[in-house]
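Note sheet for the following structure.
Laboratory data are not the source of any read-out in this text; all were calculated from the coordinates shown. This is a predicted model, so every value here is computed, not measured. Neighbour counts run over all protein chains shown; Cβ positions are idealised from the backbone, glycine included.
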Amino acid sequence: MIPQNRKSKTTTATGESNGEKYVLRLYVTGATSRSRRAILNINAICGEHLEGKYNLEIVDILQNPALAREAQIVAAPTLIKLLPLPLRRIIGDLSDTERVLAGLDLKSEPRV
């Protein structure tokens, strides 16, 4: 069960890093399979590619619908990269690692 406060889970990686600190917010809808998959996928991506330089906040929009309206969330799961700028949104379960990395500006855009 996800707590009823704003931050259902916050993961902060600290340590020495040469790059910028990433501030990410993942909006999910309860404990659905897509939500669980998105959480697992973003944790794996952050652990591998952003080790020591990210802050991840997970928000359950069923518990906090006002936050979803405020952030103009129209689909879930949605990952928002707040920092470094520019702000980016990635919708889906984050299973396409290359697309997520491109959205986080960690790799060039995937070619179609």
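Quick notes
- Residue by residue, the stretch 67-78 carries 3J(HN,Hα) couplings of 5, 5, 5, 4, 8, 6, 7, 10, 8, 9, x, 10 Hz when phi is fed to the Karplus relation 6.51 cos²θ - 1.76 cosθ + 1.60 (θ = phi - 60°); x denotes Gly or Pro.
- Around the amide H of Tyr54, modelled in the peptide plane, lie the amide H atoms of Ala13, Tyr22, all under 5 Å away and 5 or more residues distant in sequence or on another chain.
- Ignoring aspartates and glutamates fewer than eight residues from Lys21 along the same chain, the ones with Cα atoms less than 17 angstrom from its Cα are Glu48, Glu51, Glu57, Asp105.
- Each of Ile42, Ile73 was scored by other Cβ atoms within 10 Å of its Cβ. Arranged with the fewest first, they read Ile73, Ile42.
- Within the stretch 82-104, backbone nitrogen closer than 18 Å to the virtual label 7 Å beyond the Cα of Ala75 toward Cβ: 88-104
- Calculated FRET value between Ser33 and Lys107, using beta carbons and R₀ = 35 Å, to 0.05: 0.85
- The stretch 40-106: GluC sites (Glu not before Pro) falling in loop per DSSP and having at most 15 other Cβ within 10 Å: Glu51
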